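Take a look at the structure set out below.
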Amino acid sequence: MKYDFKGIEEKWQKNWEDNKAFAIKENPDKPKYYALEMFPYPSGNLHMGHVRNYSIGDVVARYKTMQGFNVLHPMGWDSFGLPAENAAIKNGTPPADWTWKNIDNMRDQLKRLGFSYDWDREVATAKEEYYKFTQWMFLKLFENGLAYKKKSFVNWCPSCQTVLANEQVVNGKCERCKSEVGKKDLEQWFFKITDYADRLLADIDKLKGWPDKVKSMQTNWIGKSEGAEVKFKIDGTDKELTVFTTRPDTIYGVSYMVMAPEHPIVDELISGKPEEAECRAFIEKVRGMSEIARSSTDTEKEGVFTGTYMINPISGEKIPLYLANYVFLDYGTGVVMGVAAHDQRDFEFAKKYNLPIRIVIQPEGQNMKEEDMTEAFAAEGIMENSGEFNGMNNRDALKKIIAYMEEKGIGERKINFRLRDWLISRQRYWGAPIPVVYCEKCGTVAIPEDQLPVRLPENVEFTGQGKSPLSECEDFMNTTCPKCGGKAVRESDTMDTFVCSSWYFLRYCDPKNDKMPFSKEKTDYWMNVDQYIGGVEHAILHLLYARFFTKVLYDQGYVSCQEPFENLLTQGMVLKDGSKMSKSVGNVVSPEEIIEKYGADTARLFILFAAPPERDLDWNDTAVEGAYRFLNRVWRAVDELSEYAGGGAVDGTNLNETEKKLHFAVNAGIKKVTEDFDRFSFNTAISSIMETVNALYQYKDAVNAENYNKELIGEALRSIVLMLSPIVPHITQELWEILGNSENLFDTPWPKFDERALVVSEVEVVVQINGKIRDKMMISADLDPKGMQDVALANDKIKELIEGKQVVKVIAVPQKLINIVVK
RNA sequence: GCGGGCGUGGCGGAAUUGGCAGACGCGCUAGACUUAGGAUCUAGUGAUUUUAUCGUGGGGGUUCAAGUCCCUUCGCCCGCACCA
């Protein structure tokens, strides 16, 4: 019989579907396991990255189930977002229609890959029954002061016609469409993620099962820096400007101040001054710079004197205030103290504008001179020119100076974060409407919980021009105030899709709940996610937001966990010819064509075998053939040997040498594959299964059919099929049936190895002389180091080699090697 | 600049605790079966001047023993970045 992958895959996929084979319920008698893969955006078709992501997740889910865990393995759709709306603009199809059609197609593709999802738990963020609770989340944040509206200078993508969160601007470009992002002064909704900056940072330490890379990316993104805020008086006025500095120890070295050109006080400071015209020209120039140019390290530092002087609060010195392109309004206070001697940027700026450079920290034992400096000195040293702090180590002085400033009321200790609040409003249609109205009398009013959802209207037009479609839909916009019943206008912005995906893993625990997003009871059973799997591109955005939501929900008593994802695996990309598969390069291999040509099992096997999960994987057509060949080899083995397969246990005490070899190979294989699955080393697990299959072929070759040991053949075939089943579920289920079994492999216990089969009487050990291998010999496995030494020294070849030399030392490692050190 | 990672045959990769470097697969070579082979099976396949020597980016070190530990250096990839 030939391996008919097509018929087999269709047969079992139908069987699983008809029997709801992967539906799961809470079961207090079993340990639970939550295996989750990042849900896809329904673009229309699966790509190889999806296949890889979901193949890894499926192996984990199936393996854990076989090991007796009650496994939650759900799938859904991150289905709000711009492509649907862009398609609507282009072809006039409503975003909803486009989205549901794509979901149907992709669900079908997932099913053809045989993934073990509980489809009863499927969620789609664009469905009313889901986004109603996304709106509920907004309300919970709003009620607790964590959602607020403010006017600010925000990122604006001219192509997407919407604002973007900081996290969605990559190198000054829109994360989605790569257009250059501009700035706009708009009133927008924010989530106060900065309130959680400290906890989001501190709890990174608790994420033991996360890759260091992701943890360090989040740490950098949150960007904590410790220092002080210091108040400087504006000369000739009562007003003060506050600066943030991480180096209060250099305060005596401040020789000028710099301010962001966008700073709100600039206008007042320069008005009427002789420098006004020059300053205004400079502000215009900086405004005209692109975000990328502005924030690039290569951009030359430029500035202009404001005509204003400041007073150093600690030395009383009068110093000039400049505007400069290297100071940013959105970090710290937008005002920086210039310490030319001890900060490289300040050094360059001071050199350019001939500002004084004053050393206040000397490298220990040196006497540096200002005029000799070619770069700033930023390392540790001894204080000088710093009044009462002279002679101290600068680290000690730093603390003392903060204390001094706090005492005098001129400054205080301050921790600053790079993290900004999360801008969540989007001027687009296809998203969850922000559940807020603006009432003439009551002002901003949140929609009460029991009136959710705020439905997305369907009678909207997509012109791609001007404002958001919702703002032009009068039926939607004109409403009544839930508080006073008077006239009110709805918020026309929708929420960033990352809001929807910040809680979907909770919804899977209780997907049909129509009263609440989820019940505490259900999330208490299933959470945390034991294994989360997805691309590293979500290292900051999604993973940070999801952690934030979990903490907010924890604080409000809705969940018991403070971190949602116990273990995280970031899988590598799928490449072809060394570069990322993309339409423009023309190196795309579609999952469909591979399934068509070789079947889903081959696709899964190849993708898991070709590289470890975290590493990039280069697609290789001939290696795919190799995977297909291996499945055929397994198929033939079962096909030819199944009639000899006995059901009983192998009597390990009564085997000949050939039989022992196979018995050993099978049990060693189970041991190795189990260990490899436990550490997600699927490529080596597969190679071990291949070795087991090779051992079976060797046995088959060496023994005549009439002498087959039926129990042994049965053990080998069953073990191979069981070990392969999480990886290639269709062919193994068929083979399982051929071997006379009827149960679903998914529910069959994972094979156990027999410790006794692994016991060997003799082992091969290496004999080294001075660390170089000189011979190998078979010795009794239980020989102790002393015994091994005696055997080795009695070996003729060794005797000859060490003849006339003095044996200094002999090291013997049981069952491994003997090293004889001679002189 | 800061942070994370990587560097092993012709290729993908293995070596989990310092203990036989190159498992397994791809490719290649030969043989068997065959009218035929792009099927299948078997054997071989790091290099070289092949009783042996060399070999895990380079240099140095620790050790009886180093791909693995330490120091140093080069190259590549990813993330952040005029962050005060």
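For residue A:310, what is the net charge nearby, where nearby means another residue's Cβ is under 11 Å from its Cβ and Lys, Arg count +1, Asp, Glu -1? Result for the neighbourhood of residue A:310: +1. Note on segment A:377-446 and segment A:633-679: Cα centroid distance 65 Å, given to the nearest whole angstrom. Each of residue A:694 and residue A:636 was given a label point 7 Å from its Cα along the Cα-to-Cβ line. The distance between the two points is 1.6 nm. In chain A, the DSSP beta bridges split such that about 75 percent are antiparallel, to the nearest 5. The simple spin-label model puts a point 7 Å past each Cα toward its Cβ; for residue A:400 and residue A:379 those points are separated by 2.3 nm. Within segment A:145-177, name every residue whose backbone N is under 17 Å away from a label modeled 7 Å from Cα of residue A:465 along the Cβ vector. Residues A:161 qualify, since their backbone N sits under 17 Å from the label point. Which value in Å does the Kirkwood hydrodynamic radius of chain A take, with 1/r averaged over all unlike C-alpha pairs and then inverted? Hydrodynamic radius (Kirkwood, Cα pairs) of chain A is 32.0 Å. Residue ranges A:625-637, A:54-66 sort as A:54-66, A:625-637 when ordered by packing (mean number of other C-beta atoms within 10 Å per residue, highest first). Centre-to-centre, using Cα atoms only, segment A:771-800 and segment A:182-250 are separated by 65 Å. Here the spin labels are modelled as points 7 Å beyond Cα on the Cα-Cβ line, and at residue A:480 and residue A:178 they lie 5.2 nm apart.
Computed extension gain for residue A:185 through residue A:90, at 0.36 nm per residue and net of the alpha carbon distance, reaches 31.3 nm.
Given in Å, the Rg to one decimal and the Dmax to the nearest whole number for the Cα atoms of segment A:356-410 are 12.3, 37. In the context of the full set of protein chains, residues of chain A present 45 Å² of accessible surface per residue (probe radius 1.4 Å, heavy atoms only). The residues neighbouring residue A:112, those whose beta-carbon lies less than 15 Å from its own, together hold a net charge of -3 under the Lys/Arg +1, Asp/Glu -1 convention.
Stretched out straight at 0.36 nm per residue, the stretch from residue A:281 to residue A:661 would grow longer than its current Cα-Cα span by 128.3 nm. Taking the longest Cα principal axis of chain A as reference, the axis of helix A:785-794 is set at about 60 degrees.
In this calculation the C-beta distance from residue A:487 to residue A:620 is compared with R0 = 60 Å, giving a FRET efficiency of 0.35.
Based on DSSP H segments of at least four residues, each scored -39500 (n - 2.57), chain A has a per-residue ellipticity at 222 nm of -11000 deg cm²/dmol.
Within straight-line reach of residue A:224, meaning a Cα separation under 17 Å, sit the following lysines at least 8 residues removed in sequence or on another chain: A:192, A:215, A:414.
Computed from Cα positions, the angle between helix A:344-353 and the longest principal axis of chain A comes to roughly 30 degrees. Please report the carbon-and-sulfur percent of the accessible area for chain A; probe 1.4 Å, protein heavy atoms only, DNA, RNA and ligands left out. The computed percentage sits at 47. Between 0 and 90 degrees, the angle of helix A:95-112 with respect to the longest Cα principal axis of chain A falls at about 30 degrees. Starting from one equal scatterer on each C-alpha and no solvent at all, send me the Debye-based log10 I(q)/I(0) for segment A:726-823 at q = 0.16, 0.23 Å⁻¹, two decimals. Scattering profile of segment A:726-823, log10 relative to I(0): -0.68, -1.12. Can you give the local net charge around residue A:228? Use residues other than it whose beta-carbon is closer than 11 angstrom to its beta-carbon, Lys and Arg +1, Asp and Glu -1. The answer is 0. You can think of it this way: the chain between residue A:4 and residue A:580 has 204.1 nm of extra reach, that is 0.36 nm per residue less the Cα-Cα gap.
A simple rule links phi to the HN-Hα coupling: the Karplus curve 6.51 cos²θ - 1.76 cosθ + 1.60 with θ = phi - 60°, which for segment A:268-284 gives 4, 5, 8, 4, x, 8, x, 7, 3, 4, 5, 5, 4, 4, 5, 4, 4 Hz, with x for Gly and Pro. A Förster distance of 60 Å, applied to the separation of the beta-carbon atoms of residue A:455 and residue A:687, puts the FRET efficiency at 0.65. Cross-link reach is defined here as a Cα-Cα straight distance under 18 Å, omitting same-chain residues fewer than 8 places apart; for residue A:6 the lysines meeting it are A:14, A:111, A:597.
Does a label point 7 Å from the Cα of residue A:293, set along Cα-to-beta-carbon, have any residues of segment A:168-212 with amide nitrogen under 18 Å, and which are they? It comes to A:171-174, A:179-184, nothing else. What the Cβ-Cβ distance of residue A:651 and residue A:21 gives, at R0 = 30 Å and to the nearest 0.05, is a FRET efficiency of 0.25.
The values are calculated or read from the model by the stated rules, or taken from the named source; none is laboratory data. Keep in mind that this is a model prediction, so the values were computed, not measured. Don't worry about glycine lacking a Cβ; one is built from the backbone with ideal geometry, like all the others, and counts go over all protein chains shown. Just so you know, the surface numbers come from the protein's heavy atoms only, side chains and all, with ligands and any DNA or RNA stripped out. Shrake-Rupley method; radii C 1.70, N 1.55, O 1.52, S 1.80 Å.
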